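Here's the structure we're looking at; comments come further down.
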Amino acid sequence: MNILDIHLPIAGIEFNALLLILIGFCVGVLGGFFGVGGGWIVTPALNIFGFHMAYAIGTDLANIFGQSIGATKKHHKMGNVDWKLGTISIVASIVGLELGSQLIIKLEKIGDVGSVVRWCYLFLMFSLSTLMFVDYFKTKKRRTLRGNPEGADYHERSSLARRLHKINLPPIISLPVSGIERVSLWAVLLVFASTGFLSGFLGVGGGFIRMPALVYLIGVPTAIAVGTDLMSVLASGAYGCFTYAIKGRVEILAAILMLLGSSVGAQIGATAVKYVKGYGIRLLFAIMIAFAGLSIALEQVYKISGILIYQKAAGILLMGTAASLTLIVIVKLIIEYKKEKKKGT
Amino acid sequence: MKLSTATWLICVSIMITCVTPLIVGNFNDAYSFQVEHKQEGRFENKVNTTNLSGIEYLIASIYNNNRLMYAIIVTVVMAILGTIMSYLTDLVLKALGLEVSRISHRE
């Protein structure tokens with residue numbers, strides 16, 4: 001037995017404490033930087049290292065709740081949280097989520113929907129990453145043509161967002177924090193109900209769906225989308241933590257150790273948002289979900305073929321992506337900070 | 001009395017935690033992550049406490065005897081620890097010169 005191994009009485013297993021802190025740290029950095037919960041990293045990671053899936057999900061949700069408190073607070077300090085929009089997103093997401101989960105329950109009565117859901121999940125991840133890659137290169141090209149490759153202090157909205165803002169269905173609301181003068185409340189509710197529906201249907205927290213939706217459909221600046229999404233993650237994390245704990249599926253010691261790493265990571269990730277431009281965040285986000293999609297594709301190949309190596313490859317790819325992106329965010333933070341310091345002196 | 005952002009966030013989170021289950025009955029089905037995990041027996045599992053001592057014994061006892069109390073403790077501990085850790089990290093980052101304030105949103 002390793003000196004760092006601890007006994008986790010609820011899950012009934014031995015686990016390396018340092019590994020828990022490291023997993024927490026990685027997911028914290030990515031959560032603070034991208035405004036996502038990171039369940040898609042933690043749950044499979046814990047599961048691969050010996051956690052039962054139910055405990056992995058519950059423990060992860062407890063960690064998400066704890067880490068997103070500090071991250072949301074930090075984003076609020078930077079002016080990145082649109083509380084009005086966040087509240088609307090929570091309300092509409094709950095309705096959508098319920099519809100999505102009800103659909104799954106109905107479909108499960110007909111037959112095994114697991115495979116269908118995974119294919120939909122894959123399709124969504126690759127579509128989103130493609131959309132974001134295309135957007136990144138278009139933006140970069142446009143700025144090079146304008147002679148402004150480094151970006152500027154203005155926000156260019158997507159054509160979808162501009163069209164959405166033209167909908168004149170009352171009540172019309174304004175979202176001054178996000179720089180939106182007028183938008184139909186119904187249009188905003190519909191967007192979040194749809195993202196909530198997808199979350200419920202796919203069985204995921206939904207941060208990776210909401211963040212791009214905020215940017216491309218509502219027209220929110222990227223940093224505000226990250227902060228506002230974290231607010232929704234906080235609410236769903238709080239609920240998830242409580243409901244899983246009452247079912248006895250949260251390993252509190254593991255959650256505490258993960259939180260030690262993730263709350264530090266989340267502060268670093270949130271601070272890094274200050275130094276990275278919106279389209280830079282979107283590019284890294286696109287890379288992240290492309291690799292996550294690839295990992296799910298490998299998992300799907302394993303399900304079809306039964307060859308264990310694909311499952312192992314999926315796990316390694318997922319954790320490798322998380323570790324690499326964490327490193328990129330930290331390095332970027334250090335470089336930009338040094339640049340800023342140099343300018344100041 | 002003016003509440004700090006962290007206190008406000010914790011209060012709102014705990015409020016949402018308590019209210020949502022009453023509004024949405026089976027919201028938790030959405031957390032059946034990637035449809036891999038099927039709902040198992042819900043409340044029946046108990047931890048064997050014979051070889052446990054100290055904090056492990058305490059946690060396991062609460063877990064076995066009062067699941068609601070266990071859930072409240074987990075939620076509150078995560079909220080408090082999350083706040084304390086983020087506060088401490090913030091202090092360290094500030095000391096390193098990585099203080100944040102309102103930013104301009106560069107796209």
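The values are calculated or read from the model by the stated rules, or taken from the named source; none is laboratory data. The structure presented is a predicted model; accordingly, all values stated were derived computationally and were not measured. For neighbour counting, all protein chains shown are included, and Cβ atoms are generated from backbone atoms with ideal geometry for every residue, glycine included. Accessible surface areas use protein heavy atoms only, side chains included; no ligands, DNA or RNA. Shrake-Rupley method; radii C 1.70, N 1.55, O 1.52, S 1.80 Å.
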With Cα springs under 10 Å, the Gaussian network model of chain A assigns the largest mean-square fluctuation among A:Ile287, A:Ile88, A:Ile246 to A:Ile246
Give me the percent of accessible area attributable to carbon and sulfur for region A:5-344, probe 1.4 angstrom. 70
Between chains A and B, total accessible area buried, probe 1.4 Å, no ligands or nucleic acids, nearest 100 Å², roughly 7200
Kindly rank A:55-64, A:12-21, A:199-208 from highest to lowest mean number of other beta carbons found within 10 Å of each residue. A:55-64, A:199-208, A:12-21
Over the protein assembly as shown, with neighbouring protein chains present, the accessible area per residue in Å² at probe 1.4 Å is 43
Work out how far the C-alpha atoms of region A:2-144 reach from end to end along every principal axis, then list the three figures in whole Å, largest first. 55, 47, 32
HN-Hα J couplings of region A:44-52 from phi, Karplus 6.51/-1.76/1.60, θ = phi - 60°, integer Hz, Gly and Pro as x? x, 4, 5, 5, 4, 8, x, 6, 5
Listed residues A:Asp82, A:Asp135, A:Asp112; largest mean-square fluctuation, Gaussian network over chain A with Cα springs below 10 Å, found at A:Asp112
Separation of alpha-carbon centers, region B:61-107 and region A:259-313, rounded to whole Å: 22
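What does the average come to when, for each residue of peptide B:56-63, you count the partner chain Cβ atoms lying within 10 Å of its Cβ?
3
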Relative contact order for region A:5-344 using alpha-carbon pairs under 8 Å, separation at least 6, rounded to a whole percent? 36
What does the convex hull of the Cα atoms come to per residue for region A:256-328, in Å³? 90
Given charges of +1 on the Cβ of Lys and Arg and -1 on the Cβ of Asp and Glu, with all other atoms neutral, how large is the dipole of the protein assembly as shown about its Cα centre, in debye to the nearest 20? 1720
With unit charges on the beta carbons (Lys and Arg positive, Asp and Glu negative) and the dipole taken about the Cα centre of the protein assembly as shown, which residue among B:Asn45, A:Cys120, A:Gln311 sits farthest to the positive side? A:Cys120
Could you sort B:72-83, A:172-183 so that the peptide with the highest average Cβ count within 10 Å comes first and the rest follow in order? B:72-83, A:172-183
Which three numbers, in whole Å and largest first, are the semi-axes of the equivalent ellipsoid of the protein assembly as shown derived from its Cα gyration tensor as √(5λ)? 33, 25, 23
Per 5 Å bin, what is the whole-percent P(r) computed from every C-alpha pair distance within region A:109-266? 2, 7, 12, 16, 16, 16, 13, 9, 6, 2, 1, 0
